[in-house]
Amino acid sequence: MKYLKIFAIISIALVMVFSVTNVAFADSATDIITGIEGDTQGIDASGMKTIASRVLGLLQIISAILAVILIAYLGFKMLLGSANEKADVQKQFIPLIIGVVIVFAATSIAKLLLGIMGV
């Protein structure tokens, strides 16, 4: 059951990362009914890439700070806890490490895809 949860979380993360697309249906589109051309003036793809890069960078920074705080808290709790508490803390480390790896992998893959797509 535990492996099923981990597999589901990783699968959902991968689906979210790989569902990013660069298809734009409004690019110089002509309305069939009225023959009016779409206004594509002022659309800047590099601005969108900058915003996406900043959001992904911010997400990585926030998750790194939270990971350090949680690891320090769990480490402190492990040092001062009894034998039963130490076992519980060890069980809490595994999801924390998996979550950190997923967040950093997802943001890194998203940045890589943005770079490859040339958005």
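The values are calculated or read from the model by the stated rules, or taken from the named source; none is laboratory data. Nothing here was measured: the structure is a model prediction, and the numbers come from that model. Note that each Cβ is placed from the backbone with ideal geometry, even for glycine, and that neighbours are counted across all protein chains shown.
Can you spot a residue in the range 53-72 that is modelled with pLDDT under 80 and either assigned to a helix (DSSP H, G or I) or acidic (Asp, Glu) (or both)? Can you show your working first?
At the first step, the residues of the range 53-72 found to be modelled with pLDDT under 80 are 53.
Subset that is either assigned to a helix (DSSP H, G or I) or acidic (Asp, Glu) (or both): 53.
Yes, the range 53-72 has at least one match.
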**Message:** I'd like to verify a number: residues in the range 70-119 that are free of Cβ contacts under 8 Å to residues at least 40 places away in the same chain and among the β-branched types (Val, Ile, Thr), how many?
**Reply:** 7
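Name the single residue that is surrounded by the fewest Cβ atoms within 10 Å (Cβ to Cβ) among those in the range 62-84 being of a type in the set (A, V, I, L, M) and more than 17 Å from Ile98 (Cα to Cα).
Just the residues of the range 62-84 that are of a type in the set (A, V, I, L, M), to begin with: 62, 64-72, 74, 78-80, 83.
Checking the rest, the ones that are also more than 17 Å from Ile98 (Cα to Cα) come to 78-80, 83.
On the way: Met78: 16, Leu79: 9, Leu80: 9, Ala83: 6.
Checked the range 62-84; the qualifying residue surrounded by the fewest Cβ atoms within 10 Å (Cβ to Cβ) is Ala83.
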**Prompt:** Any residue at all in the range 76-97 that is at pLDDT 75 or above and outside any helix (DSSP H, G or I)?
**Reply:** yes
